Amino acid sequence: MTLHITTKPGIATAIVLLLVIFSGCSKDNASKKQTYTYTITTPVLKSRAEIFAALNGSISEPVKTAGKLYIKGQYIYLNEVEKGIHIIDNSNPSKPKQVAFLNIPGNLDIAVRDNILYADTYTDLLAIDISNPKKATVVNYIKNFYHRYYYYDNTAPDMIVAAVIKKDTTVEVNTIWADCANCMYATSAQSNSGPKSNSGTAGSMASMVLMNDHLYALQESHSLGIVDISTPSSPRFDTTYYAGFDLETIYPFEGKLFLGSMTGMFMYDMTNPLAPVKLGEFSHGRACDPVVTDGRYAYVTLHAGTSCGGAANELNVIDIKDLMNPTLVKAYNLTKPKGLCKDGDLLFVCDDKSGVRLYDAANVSGLKQLSSINIENSYDIIAGNKHAMVVTDNGLYQYDYSNTKNIRFLSKYALKN
């Protein structure tokens, strides 16, 4: 048996495996050797001052591992996974031009209000003034807002995680565990030291969004952090709300939040922005799960073959007329769908090697595929005004879909060596 464990930074010297054997699990109680593989994550630390001083990176920084996408005005903000943000002038979609790169260790998510860009690091939530993208400055931050990589040391309170080093370690232990359907184990005991018009548009894979005067972000896989941004340059942490299990994505729509998780979709009314009221919940088999909605239906993609587990690769269309009792309309089998978006009756779905599928969704119980964009490994898409922006694992591609049966390629901002 092989067990993979990812630990939090700052605990490389204190990792304990607890194997809990419940009575009745072993057939013969004979001692057996089991092999366990740990992924030990060790932090590389720097001071906040050092990280903030290095914010403005090279304008020619290559797109190597593209992540999440955010659009505001003429600019595209493209995440370089755990490295930073490419700021791209898209005044001419046929010739996008990078104007800046922000070095932000651990960055995955992006949001923009006025001239303030919000970005996550491994630990902190940053507020960055991008009035001049080439000379961006951190104007404020919320310390230790994120809990997925938590580090604190009383002797060096300003040191934060700037990178992580991962190393697999395999050990053998003696157990009295034989094969048994009801056997269970526990692992990893560890010691922790320590939309308004002036906002942009996020993709369906976002786990940080803006709605009215608040920012909502997944601090870790169960908690929704709520931040007041009524003064954009001075974000103020308000509260943390337990919002579900294994949460992955957030989609805001008309005063509601739709949360995608590995186990289903959670819906919340945000009339009181500091006190979410849970509406309905839709459960599905375990799988990765981004979600979008048009207010009448929710569209959820499930994909397998990742850390999310499960075997489903499909698009679920869910009737949310009664928000307290969402019901499945139909499930469509796909290849390995990820991000998606909707523009009127048009539904775009990123579907691995099958490209980006474009559907006529006027009849949700009988989606009709109109065409597809022949591009592999697409991750997310934002589409509107006959213009689609698609993120793949190696960059950004743009298309004109004025003619839905003949989608026209505009440009690519892809991998550079």
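Computed from the coordinates by the stated procedures, all read-outs in this text should not be read as laboratory data. Model, not experiment: these values are computed from the prediction. Backbone-built Cβ (ideal geometry, glycine too); neighbour counts: all protein chains shown.
Observations on the model:
- Residue order, fewest to most beta carbons within 10 Å, for Tyr332, Tyr399: Tyr332, Tyr399
- Each residue, Asn377 and Glu220, gets one label point 7 Å from its Cα in the Cβ direction; the gap between the two is 3.2 nm.
- Counted by neighbouring Cβ atoms within 10 Å, the residues Met324, Met270, Met208 run from fewest to most as Met324, Met270, Met208.
- Cα-Cα over 25 Å, subset of Lys368/Lys412; Lys97/Lys256; Lys46/Lys167; Lys143/Lys412: Lys368/Lys412; Lys97/Lys256; Lys143/Lys412
- The range 250-391: relative contact order in percent, alpha carbon pairs under 8 Å with at least 6 residues between: 14
- Label point distance in nm, Lys353-Val329, each placed 7 Å from Cα along Cα→Cβ: 3.1
- Around Val81: net Lys/Arg minus Asp/Glu count, Cβ-Cβ under 9 Å: +1
- When every Cα-Cα distance of the range 40-85 is counted in 5 angstrom steps from zero, the calculated P(r) takes the values 5, 16, 19, 23, 21, 10, 4, 2, 0 percent.
- Ascending count of other beta-carbon atoms within 10 Å, so fewest first, for Cys350, Cys341: Cys341, Cys350
- The average projected area of the range 332-399, computed from the convex hull of its Cα atoms over all directions, is 4.1 nm².
- For the range 219-292 versus the range 85-132, the gap between their alpha-carbon centres in whole angstrom: 23
- Residue-count net charge about Ile104 - beta-carbon cut-off 11 Å; Lys, Arg +1, Asp, Glu -1: -4
- Once both labels are positioned 7 Å from their Cα atoms along Cα-to-Cβ, the gap between Ser91 and Asn198 label points is 2.4 nm.
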